[in-house]
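Chemist: Below you will find the structure I want to go over with you.
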Amino acid sequence: MKKLSLIATSAMGLEAIVGKEVKDLGYECKVENGKITFEADELAICRANLWLRTADRIKIKVGEFKAKTFDELFEGTKALNWGEFLPVNAQFPVIGKSVKSTLASVPDCQAIVKKAVVEKLKSHYKTTGWLTDDGPLYRIEIALLKDVATITIDASGAGLHKRGFRVDQGGAPIKETLAAALVLLTNWTPDRPFVDPFCGSGTIPIEAALIGQNIAPGFNREFVSEDWHWIGEDKWNLARQEVEEKANYDQPLDIQASDIDHRMVRIAEANADEAGLRELITFKQMQVKDFTTTKEFGVIVGNPPYGERLGEKKAVEQMYREMGHAFAPLDTWSIYMLTSHEGFEDFYGKPATKKRKLFNGFIKTDFYQYWSTVRPLRKKTDSE
């Protein structure tokens with residue numbers, strides 16, 4: 001197995017969580033803005049794609065070099081060992097971006113990288129004719145930042161937030177990667193109740209169920225790198241076997257999901273059913289103001305309406321007030337709400353224990369955290 005430079009890309013604000021996930025897989029990593037880099041072997045590509053709940057994509061860094069001119073970009077790209085990665089018949093579209101760099105024309109940069117890769121492959125495979133492109137897909141990206149060119153190959157295909165079981169989504173669904181992060185940022189453990197009172201299409205409770213039973217988020221989908229000959233079917237089979245062995249399907253879960261819209265509840269049920277998790281989640285149509293429970297030491301996680309649309313703000317603020325009244329008696333529960341409304345705490349009626357800045361797509365939000373004031377009694381062990 002050879003050592004590769006791998007990158008797990010991340011949404012802004014989630015880098016530390018992705019970094020912890022990479023470390024939990026057993027790889028030392030470096031956390032940077034928007035990405036987590038680590039050195040690992042081919043098997044790590046399979047494992048990272050299958051297991052990382054909060055990363056956006058897995059990429060292979062082929063090379064990095066200074067490029068202020070098109071000649072430097074061409075020669076730097078051509079010098080890389082493309083034959084290690086791409087077969088002679090590879091499909092390799094090139095995408096790009098340029099930030100604060102001399103080479104600002106992205107289409108020109110893409111064309112030059114494409115030409116350089118073609119030239120290197122012709123030399124490597126000792127051919128002078130046209131290269132066919134009827135083989136596996138290798139999407140190459142040229143990213144220029146302050147005149148440094150980083151060239152990567154996407155090893156995921158569709159973004160990792162696409163778990164493979166969303167039947168429908170309704171209006172503006174939260175990404176699965178962010179939903180998983182919200183759950184991981186709480187103090188929830190699988191032996192405690194979990195509630196999402198704004199479930200929408202069911203993304204948060206489904207992610208909680210996957211986490212609760214330690215089911216890999218990529219268990220139900222395919223990845224572009226499964227077709228790459230140099231990784232091989234054996235490594236993918238080994239990684240998928242690990243996924244099956246580590247899942248705890250016998251872990252009982254108490255997860256409740258509700259929404260004011262009965263149509264969204266049906267969509268959430270369908271998505272949970274497609275994921276094979278329907279029996280683990282109790283769905284119901286309900287307004288948040290009607291929430292009551294006799295259970296203790298639970299966790300509530302919600303992505304309520306933000307009131308950003310014209311005419312919605314007053315109704316949303318009233319709903320925040322009603323939420324505060326409904327949750328006020330829950331002193332053993334911890335409550336976590338994501339919203340862009342800067343006056344949330346005022347309407348909820350209580351300052352948060354902690355706030356964390358996150359982005360829901362391009363919307364700047366805060367994750368308001370209300371930690372329980374009563375802790376569960378520690379269970380005695382048999383030796384005590």
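The values are calculated or read from the model by the stated rules, or taken from the named source; none is laboratory data. Not measured: the values here are computed from a predicted model. We place every Cβ from the backbone using ideal geometry, glycine too, and count neighbours over all the protein chains shown. When the accessible area is computed, the model is the full protein with side chains, heavy atoms only, and any ligands, DNA or RNA have been set aside. Shrake-Rupley method; radii C 1.70, N 1.55, O 1.52, S 1.80 Å.
Chemist: Can you give me the three principal axis dimensions of the stretch 108-239 from its C-alpha atoms, in Å, biggest first?
Modeler: Rounded to whole Å, the extents work out to 64, 39, 27 Å.
Chemist: Using a Förster distance of 41 Å, how high is the FRET efficiency between Asp273 and His229, based on the Cβ-Cβ distance and rounded to 0.05?
Modeler: 0.65
Chemist: Mind ordering 319-331, 352-364 by average Cβ neighbours within 10 Å, highest first?
Modeler: Ranked from most to least packed, the peptides come out as 319-331, 352-364.
Chemist: Rounded, prolate or oblate for the stretch 253-304? Axes are the square roots of the Cα gyration tensor eigenvalues, ordered a ≥ b ≥ c, and the cut-off for rounded is a/c under 1.5.
Modeler: The shape class here is oblate.
Chemist: If I compute solvent accessible area with a 1.4 Å probe over the protein chains, what percent of it on the stretch 1-158 is carbon and sulfur?
Modeler: 53
Chemist: So, one more: Compactness ratio of the stretch 1-108: Cα Rg over 2.2 N^0.38 Å, N = residue count?
Modeler: 1.19
Chemist: Moving on. What are the residues whose amide H is under 5 Å from the amide H of Leu4, where those residues sit 5 or more places off or on another chain and H is modelled from the backbone?
Modeler: HN-HN under 5 Å from Leu4: Ala40, Asp41.
Chemist: While we're on this one: Note down the magnitude of the dipole of the chain about its Cα centre, charges +1 on Lys and Arg C-beta and -1 on Asp and Glu C-beta and zero elsewhere, to the nearest 20 debye.
Modeler: 940
Chemist: Could you check the simple spin-label distance between Asp71 and Asp331, using points 7 Å along Cα→Cβ, in nm with one decimal?
Modeler: Using points 7 Å along Cα→Cβ, the separation is 7.6 nm.
Chemist: Shifting gears a bit: Quick one: check the C-alpha center-to-center distance for the stretch 236-255 versus the stretch 130-166, whole angstrom.
Modeler: Each part reduced to its Cα centre gives a spacing of 28 Å.
Chemist: Given a 1.4 Å probe, how much area per residue of the stretch 85-194 is accessible, in Å²?
Modeler: Per residue, the stretch 85-194 has an accessible area of 46 Å².
Chemist: A further question follows. Full-extension gain between Arg375 and Tyr125, please, as 0.36 nm times their residue separation minus the C-alpha to C-alpha distance.
Modeler: 83.5 nm
Chemist: At most 13 other Cβ atoms within 10 Å and a DSSP loop assignment: could you name the chymotrypsin sites (Phe, Trp or Tyr not before Pro) in the stretch 161-239 that fit?
Modeler: Those satisfying the criteria are Trp230.
Chemist: Another one. Put +1 on the Cβ of each Lys and Arg and -1 on the Cβ of each Asp and Glu in the stretch 40-97; which of Phe65, Gln91, Asn49 then has its Cα farthest toward the positive end of the dipole?
Modeler: Going by the charge dipole, the pick is Asn49.
Chemist: Accessible area of the stretch 238-384 with a 1.4 Å probe: how many percent of it is carbon plus sulfur?
Modeler: That share works out to 50 percent.
Chemist: A further question follows. Semi-axes, largest first, in whole Å: what does sqrt of 5 times each Cα gyration tensor eigenvalue give for the chain?
Modeler: 44, 24, 19
Chemist: Given the Cα-Cα distance of Asn187 and Thr102 and 0.36 nm per residue of separation, how much length would full extension add, in nm?
Modeler: Length gained between Asn187 and Thr102: 25.9 nm.
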